[in-house]
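Chemist: One structure is given below, represented as structure tokens, and several questions about it will come after.
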Amino acid sequence: MFSLSLTTFRDRWQLFIGAILTVAMGVALVQSSLLILVSAASPDIPAGLGPQAAGDLRDIYTAGIALQAMTLGLSAFLAVFIVSSTFAFTVAQRRKDLALLRLVGGDRRQVRRLLLSEALLLGVIGTVLGVPLGLLAMRFQTWLLTDLGFVPGGFTPRWQDWILAVSAGIGVGVALIGVLAASRRASKVRPLEALGNVGAATRVMTAPRWLLGCLFLAGSITLMITSRFAPPDGAVPMSIFVAITGAVALTQLSPLIVPLVGRVAGLVLRGSTLGTLAQANLRDGVRRSASTAAPLLVLVALVVGLSGTLASIAKADKDEQTQSVSGDLIVNTTGANGIRVAAVPGVAVAAQQVSVPVTVTSGFEKNGKPKQKVKDGTALAIDADTYTRTHLRSPVSGSMADLHGETIALGPGNKDAGTTPVGSTVTADIDGRTHRLKVVAVLPQALNGGTDFLLPRELVGDSVLAGAASQVVVQVKPGTDPAAVAAGIKAAGAGRPVSVAESIAAQSANDDGANSGIMQVLMGLAGLYALVAVVNSVVIAAAERKAEFAAARVTGLSRFQVVKMALVESWAVTGIGLLLGGVAAAGALVGIRSVTGRITGLPETVLPGQLVGFVVFGAFLVVGATSVWTSLSATRVVPVSLVGARE
């Protein structure tokens with residue numbers, strides 16, 4: 001069987017080149033992402049750094065780890081998904097060849113061994129290409145992460161010898177998983193049905209396809225419902241996963257939708273002979289249309305779903321800050337200078353918050369056994385009275401008025417409210433001193449996180465407060481011009497004042513920059529996979545339609561008309577993929593709208609119109625160009641020589 005697989009590879013290489021490239025890309029990206037992830041998880045922190053600088057450096061690495069984890073998961077998902085759909089389409093196109101193998105004595109197990117041998121060969125080739133490609137990908141990803149600020153300058157991933165075994169497992173594993181379902185389905189089709197293209201050979205909606213489609217559709221609905229009640233750190237990932245599960249569900253169920261869209265297309269194209277033929281081909285070639293639409297569906301679902309989710313969160317976070325901060329000016333300074341702000345003429349309230357590093361150890365019970373959790377984070381040293389006058393979000397439990405003496409409050413970035421409730425006691429290491437602190441308040445979590453802890457200002461030594469980064473929210477006295485107060489603060493050397501609106505806009509722009517970096521990494525990855533998959537599907541489809549195109553030409557159509565017919569058909573399939581991808585993305589946007597509405601009271605949905613336009617234009621351009629190229633290649637031979645020939 002392995003020698004037969006080698007022969008198949010040599011004779012039908014057009015059917016496998018796309019899958020080989022996909023496996024190679026998957027191996028390269030998983031290898032690169034994993035090496036960067038492992039290196040970033042155990043960074044080298046210079047010994048001379050102070051606690052604040054070391055904490056900031058760890059935060060940078062944490063952001064890089066989160067992004068690489070997303071890249072790793074997305075790479076694995078896209079590799080398995082695209083290789084599976086490509087192999088399913090390839091096996092479907094070869095059903096007559098496999099039927100002939102059965103007729104000459106091959107049994108079901110031999111057919112499956114043939115396809116699995118091809119997958120093994122494909123996985124080995126993809127791994128051999130992917131390992132050196134992964135080294136190039138690692139250098140590029142490292143440069144990109146450094147340029148976008150997700151890892152510090154000078155970061156260099158460390159090579160690990162075990163990564164070769166992981167890469168081989170990924171390459172071979174993805175290929176075998178991708179062909180497993182297709183080989184089982186192909187071995188069950190009766191030979192005579194496949195040769196005659198009747199019965200089970202023509203059935204696209206198989207039982208596994210129904211099962212997967214309904215299962216993932218139910219999963220999408222469940223995630224949308226659950227995200228309405230989950231905390232922000234869980235609700236946001238749930239909403240993003242709605243786009244992924246929805247894309248898988250609609251991909252599996254797309255053969256049901258393609259004929260319906262074909263009828264609609266028939267109404268539009270009814271006045272044209274070529275349009276009528278394209279519409280008939282669309283309804284007849286359901287499997288072909290669904291396979292071509294699948295990668296476009298996933299691309300749109302991921303691009304629009306993820307970008308819309310990030311933009312909606314950024315907009316809701318900006319609105320949340322606007323509503324929760326009550327002040328006229330914000331002064332960014334140091335602790336020592338910030339103290340002088342309150343003495344400036346015209347200042348009514350000066351709420352200073354100083355960032356200090358802290359290590360908090362809390363105890364809790366799990367399965368009846370005592371556990372401890374140690375968290376290195378950032379705390380804001382505040383005066384509770386002025387803070388509550390300028391920050392309007394009320395605690396979900398406890399009272400900020402009790403934040404005096406040996407006490408602590410859980411901030412909006414803390415996720416431990418369930419295990420560290422009001423009234424419990426934690427141990428905090430602050431500036432080399434250990435304190436036993438009582439939790440007196442828990443603030444509601446924010447969409448984009450925030451500080452982990454709030455401490456009374458008297459709990460932190462003056463030496464720490466003096467040089468630490470500080471922010472002061474200023475309320476001016478009634479009838480006083482904020483610009484005059486800002487000039488007074490600047491003249492006193494107390495810091496650089498800006499309006500609250502300007503400060504929130506700057507923070508929003510910084511968040512937009514981070515989101516843009518995430519989009520560049522993840523959507524560039526999704527776009528590359530989709531490009532390879534779409535081109536591969538169109539090439540496979542055209543390679544198997546030479547006799548069909550020849551029959552159309554001998555009945556009176558010119559070569560140009562056949563190419564035009566194929567173009568109209570491919571654009572109709574593109575429209576189907578974009579439409580279904582938009583439906584999957586809409587599920588994610590509906591989910592994030594409910595999340596932002598529940599957390600901030602302001603439901604937000606931001607549709608990235610410019611990005612959508614780019615994706616739509618690019619999809620029609622790529623599919624159209626590939627269709628024209630492949631149909632020209634398929635119609636190059638004199639049609640009479642192909643009529644009646646077996647593909």
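Chemist: Hey, rough spin-label estimate for LEU215 and ALA492, points 7 angstrom out along Cα→Cβ, what's it come to in nanometres?
Modeler: 6.6
Chemist: Order these by the 10 Å Cβ neighbour count, fewest first: VAL573, VAL426, VAL374.
Modeler: So the ranking, lowest neighbour count to highest, is VAL374, VAL426, VAL573.
Chemist: Would you tally the net charge around LEU176, using a Cβ to Cβ cut-off of less than 13 Å, leaving LEU176 out, and scoring K and R as +1, D and E as -1? Intermediate results must be reported in sequence, preceding the final value.
Modeler: On the way: positive: ARG112, ARG113, ARG184; negative: GLU118.
Every neighbour counted, the sum reads +2.
Chemist: Quick one: net charge around PRO478, please, counting Lys, Arg +1 and Asp, Glu -1 for every other residue with C-beta under 15 Å from its C-beta.
Modeler: Result for the neighbourhood of PRO478: 0.
Chemist: Let me ask something additional. Take every DSSP beta bridge whose two residues both sit in the range 367-456, then give the antiparallel share in percent to the nearest 5.
Modeler: Antiparallel bridges: around 55 percent, rounded to the nearest 5.
Chemist: OK, next. Along Cα→Cβ, 7 Å out, is where each label goes; now give me the distance between the ones at LEU135 and ARG433 in nm to one decimal.
Modeler: Result: 5.5 nm between the two label points.
Chemist: Hey, rough spin-label estimate for SER324 and THR555, points 7 angstrom out along Cα→Cβ, what's it come to in nanometres?
Modeler: With each label point 7 Å from Cα toward Cβ, the separation is 6.6 nm.
Chemist: For the range 165-177, what does the Karplus curve 6.51 cos²θ - 1.76 cosθ + 1.60, with θ = phi - 60°, yield as ³J(HN,Hα) per residue in whole Hz, taken in order and with x for Gly and Pro?
Modeler: For the range 165-177, the Karplus-derived couplings read 5, 5, 4, 5, x, 5, x, 5, x, 4, 5, 5, 5 Hz, x marking Gly and Pro.
Chemist: Given the pairs LYS369/LYS438; LYS315/LYS373; LYS371/LYS415; LYS315/LYS415, which are separated by over 26 angstrom at their Cα positions?
Modeler: On the way: LYS369/LYS438 22 Å; LYS315/LYS373 33 Å; LYS371/LYS415 16 Å; LYS315/LYS415 22 Å.
Those over the limit are LYS315/LYS373.
Chemist: Then there's this: State whether the range 546-638 is rounded, prolate or oblate according to the following rule on the C-alpha gyration tensor (a ≥ b ≥ c being the square roots of its eigenvalues): a/c under 1.5 gives rounded; otherwise a/b larger than b/c gives prolate, and the remaining case gives oblate.
Modeler: It comes out prolate by the Cα gyration axes.
Chemist: Can you compute the radius of gyration and Dmax for the range 324-408, using only the Cα atoms, both in Å?
Modeler: Rg, Dmax (Cα atoms, Å): 16.7, 58.
Chemist: Here's something else I'd like to know. Taking only C-alpha pairs under 8 Å that are 6+ residues apart, what is the relative contact order of the range 347-476 in percent?
Modeler: Here the relative contact order equals 37 percent.
Chemist: Could you go through the range 383-393 in sequence order and give the Karplus-derived ³J(HN,Hα) for each residue, using 6.51 cos²θ - 1.76 cosθ + 1.60 with θ = phi - 60°, rounded to whole Hz, and x for Gly and Pro?
Modeler: 9, 4, 5, 5, 5, 5, 6, 10, 10, 8, 6
Chemist: For SER397, which sequence-distant residues (separation of 5 or more, or a different chain) have an amide H within less than 5 Å of its own amide H, given hydrogens modelled in the peptide plane?
Modeler: VAL442
Chemist: If you don't mind, there's one more thing I want to ask. Quick one: Debye curve from the alpha-carbon atoms of the range 445-491 only, equal weights, vacuum; give me log10 I(q)/I(0) at q = 0.33 Å⁻¹ to two decimals.
Modeler: -1.26
Chemist: Now for a different question. Quick one: 3J(HN,Hα) in Hz for the range 587-598, Karplus 6.51/-1.76/1.60 with θ = phi - 60°, rounded, Gly and Pro as x.
Modeler: Calculated HN-Hα couplings, in order: x, 5, 5, 5, x, 6, 5, 5, 5, 5, x, 6 Hz.
Chemist: Mind sorting ILE221, ILE82 by how few other Cβ atoms lie within 10 Å of their own Cβ, fewest first?
Modeler: ILE221, ILE82
Chemist: Provide the net charge surrounding VAL331, with neighbours chosen by a C-beta distance below 13 Å and charges set as Lys +1, Arg +1, Asp -1, Glu -1.
Modeler: Neighbour charge sum, excluding VAL331 itself: +1.
Chemist: Rank the residues LEU299, LEU114 as a footprinting-exposure proxy: fewest other Cβ atoms within 10 Å of their Cβ go first.
Modeler: So the residues, fewest neighbours to most, are LEU114, LEU299.
Every number in this text was worked out from the coordinates using simple rules, so none of it is lab data. All values derive from a computational prediction rather than experimental measurement. Ideal geometry is used to build each Cβ from the backbone, glycine not excepted, and the neighbour counts take in all protein chains shown.
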